[in-house]
1. In the chain, with Lys and Arg counted as +1 and Asp and Glu as -1 at Cβ, which of these residues, Ile75, Ile35, Pro5, has the Cα nearest the positive end of the dipole, that is, farthest along it?
2. Kirkwood-based Rg over Rh for the chain (C-alpha set), two decimals?
3. Just Leu57, Leu24, Leu42 to compare: in a GNM of the chain, with alpha carbon springs under 10 Å, which one fluctuates most?
4. Quote the accessible area belonging to Ser80 in square angstrom, nearest 10, computed with a 1.4 Å probe and with ligands, DNA and RNA left uncounted.
5. What spacing in nm lies between the two simple spin-label points modelled at Asn38 and Asp26, each 7 Å away from Cα in the Cβ direction?
6. Under a GNM of the chain (C-alpha, springs under 10 Å), which listed residue has the highest mean-square fluctuation: Thr65, Thr74, Thr29?
7. Using the Karplus curve 6.51 cos²θ - 1.76 cosθ + 1.60 with θ = phi - 60°, work out ³J(HN,Hα) for each residue of region 17-31 in order, rounded to whole Hz, and write x for Gly and Pro.
Amino acid sequence: MDILPQLIIIFKKVIPDAKIDYALIDENTHIFNDICANSSTLIMVAFAIEKQFKITLPDFLQMRTITVGDAIKTIQSQLSKANHK
């Protein structure tokens, strides 16, 4: 499953006026510093990720310090756990 394009769609929906070129988002893009304007936006992104992938993020407030690549790894891990239940 290619998660990056799905994350970009989430970012576009939740933060339509972000000051970033969505085409430049890659695994090294910092979620909070580069995409989300504030903590409330970050929380909306986290909820959208949980809804889209039907997972629970362990601590979405930690997303302040992670990159898109870290988020992809977390999503993959949570999806793997969900599939093994």
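The values are calculated or read from the model by the stated rules, or taken from the named source; none is laboratory data. Just so it is clear, the model here is predicted, and its values are computed rather than measured. Positions of Cβ are backbone-derived with ideal geometry, glycine not excepted, and every protein chain shown enters the neighbour counts. Side chains included, ligands, DNA and RNA excluded: accessible areas come from the protein's heavy atoms. Shrake-Rupley method; radii C 1.70, N 1.55, O 1.52, S 1.80 Å.
1. It is Ile75.
2. 0.94
3. Highest fluctuation of the listed residues: Leu24.
4. 50 Å²
5. That separation, rounded to one decimal, is 3.2 nm.
6. Thr65
7. 9, 4, 8, 9, 7, 4, 5, 8, 5, 9, 5, 8, 5, 7, 4
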